[in-house]
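See structure below.
Just so it is clear, none of the values below were taken in a lab; they were calculated from the coordinates. All values derive from a computational prediction rather than experimental measurement. Positions of Cβ are backbone-derived with ideal geometry, glycine not excepted, and every protein chain shown enters the neighbour counts.
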Amino acid sequence: MNGTLIPNTPFAVDFWQIRKCSHVRLFFLSHLHSDHTSGLSSTWNRSIYCSPITAKLLQWKFQVEETLIHPLEVGESHLLYLDEVGKETMTVTLIDSNHCPGSVMFLFDGYFGTILYTADFRYTPTMFCNSPLSTEKRIDVLYLDNTNCDPESVVPSRQEATEQIKEIINSHPEHNVVIGLYNLGKESLLIELALAFKTWVVVSPRRLQMFQLLRLSDVFTSEVGAGRIHVVDQNEINRFNMIRWNQTCPTIAIVPTSRRMKVTHRDIHVVPYSDHSSFQELQEFVARLKPYSIMPIVKGKACQAYFSQYLSSRDELKSIQIPETVEKCMKKNSKHHDALPHQFFKPRTLDIPRGVVFEPPEKGLHDCNGADYLCTEELSWCYASLKSFDAVVEQYFKKRNKLIVRNTLD
Ligand SMILES: [Zn+2]
């Protein structure tokens with residue numbers, strides 16, 4: 001699950017566990033992949049902010065009440081209230097993240113500083129052309145899609161990967177081609193294959209419905225046998241099905257993914273086609289942005305060492321003062337505000353993390369670039385369960401007693 005409660009604010013991105021975020025007022029959805037929608041259902045009853053395409057898909061897939069969905073135009077800045085009295089505002093700008101239909105990054109600007117939440121994205125230099133990212137303004141915290149943040153991983157461009165797939169299909173002229181995909185994404189690959197091999201692409205009726213909603217090119221059909229290329233869910237690509245399909249017609253399977261996958265049949269071809277930035281692209285992206293700090297979005301994948309050279313430094317830590325009206329609102333929205341520790345809502349100065357903050361597989365407080373921090377999840381837990389920060393620290397020290405902890409909440 002990839003979602004984050006943004007510390008010291010009343011908003012969250014791709015986070016839908018309502019019991020853990022009763023203080024949250026604004027919910028943002030980056031795109032409709034299942035690892036970013038865990039917890040969403042037709043019974044969701046809070047406002048959701050997303051791109052217009054995601055808004056359409058959200059209603060279609062989850063039947064979320066239409067009045068709760070707030071589509072925001074991509075590329076424009078939108079002013080949103082952070083409290084209930086209309087005093088404190090922030091701006092949010094949606095930026096196309098080049099990942100799947102409707103996917104966006106969020107650029108937040110408010111009392112908390114400037115935060116860029118990339119969610120899942122595939123970097124392209126055009127992201128800096130006439131875009132909010134091209135300004136000189138520094139990002140205080142960059143939440144970065146670190147899916148492919150590994151110098152060892154080989155992630156070619158999508159065009160190169162597409163050529164690899166075409167070569168595989170060309171070398172199997174008598175075969176049917178089964179392509180394993182998730183529910184959304186890689187549509188442009190399918191269209192390119194349909195045009196290159198002059199065939200319909202056969203998909204399930206439900207996927208076809210979604211493609212019609214997205215107004216994609218007319219190369220898809222749900223009529224079985226109408227074309228040579230078939231799309232199935234990725235988890236259907238297995239040895240059992242390969243044997244079954246080959247009993248009817250010679251069949252190869254292609255799985256376009258940069259994730260590691262166990263190949264269980266000689267006719268399964270895994271091609272590193274990725275909708276996430278390659279390691280080199282991540283480096284270029286961070287080098288151009290020069291943020292003050294980085295938080296990885298995929299939990300448990302440390303990436304701190306790779307970007308420290310690109311970070312901007314400050315003479316002193318920037319302080320955050322949660323505005324009174326926002327704090328009141330967060331407290332009011334919290335179901336268990338009576339149980340809140342005093343220090344949680346007392347006016348205070350908070351530090352923006354300095355340096356790269358990362359989350360190794362082990363939860364807890366981590367030493368990075370000379371500073372120790374609670375990982376986001378711990379902070380979220382602290383917010384959500386409304387246990388005092390001291391309790392979090394105490395529990396942590398029961399597990400590990402070597403680190404020197406710097407309390408970042410007070
Ligand atoms: Zn995704």
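Here's the picture: a label point sits 7 Å out from the Cα of Arg215 along the beta-carbon direction, and within the range 61-80 the residues with their amide nitrogen under 16 Å of it are 73-74.
Among 259-271, 94-106, sorting by the average number of other beta carbon atoms lying within 10 angstrom of each residue, highest first, gives 94-106, 259-271.
In a shell of Cβ-Cβ distance under 14 Å around Ser41, excluding Ser41 itself, what net charge do Lys and Arg (+1) and Asp and Glu (-1) give? Intermediate results must be reported in sequence, preceding the final value.
On the way: positive: Arg19, Arg46, Lys61; negative: Glu65.
With Lys, Arg at +1 and Asp, Glu at -1, the net is +2.
Close amide H partners of Thr257, meaning residues 5 or more places away or on another chain with modelled amide H under 5 Å apart, are Val271, Tyr273.
The residues neighbouring Ser258, those whose beta-carbon lies less than 14 Å from its own, together hold a net charge of -1 under the Lys/Arg +1, Asp/Glu -1 convention. Residue separation of Asp150 and Ile168 scaled by 0.36 nm, minus their Cα-Cα distance, works out to 3.8 nm of gained length.
State whether the range 158-271 is rounded, prolate or oblate according to the following rule on the C-alpha gyration tensor (a ≥ b ≥ c being the square roots of its eigenvalues): a/c under 1.5 gives rounded; otherwise a/b larger than b/c gives prolate, and the remaining case gives oblate.
On the way: a/c = 1.38, a/b = 1.29, b/c = 1.07.
Note, shape of the range 158-271 comes out rounded.
Applying both filters, DSSP loop and at most 14 other Cβ atoms within 10 Å, to the trypsin sites (Lys or Arg not before Pro) of the range 56-91 gives Lys87. Label sites at Val263 and Gln321, each approximated as a point 7 angstrom past Cα along Cα to Cβ, lie 6.1 nm apart.
As a calculated quantity, the FRET efficiency between Phe240 and Phe128 at R0 = 30 Å, using C-beta atoms, amounts to about 0.05.
For the range 186-229, the list of GluC sites (Glu not before Pro) that fall in a loop by DSSP and count at most 16 other C-beta atoms within 10 angstrom reads Glu223.
Calculated FRET efficiency, Glu160 to Ser313, Cβ-Cβ distance, R0 = 51 Å: about 0.90 to the nearest 0.05.
So what's the net charge close to Leu79: Lys and Arg +1, Asp and Glu -1, counting the other residues with Cβ under 15 Å from its Cβ?
Numbers: positive: Arg25, Lys87; negative: Glu73, Glu76, Asp83, Glu88, Asp109.
With Lys, Arg at +1 and Asp, Glu at -1, the neighbours total -3.
Stretched out straight at 0.36 nm per residue, the stretch from Ser222 to Lys87 would grow longer than its current Cα-Cα span by 43.4 nm.
Across the cross-link table entries Lys61/Lys198; Lys20/Lys328; Lys87/Lys328, which are compared at the Cα atoms, the separations over 22 Å belong to Lys61/Lys198.
Pairs from the table (Lys166/Lys262; Lys137/Lys299; Lys137/Lys301; Lys301/Lys332) lying more than 31 angstrom apart at Cα are Lys301/Lys332.
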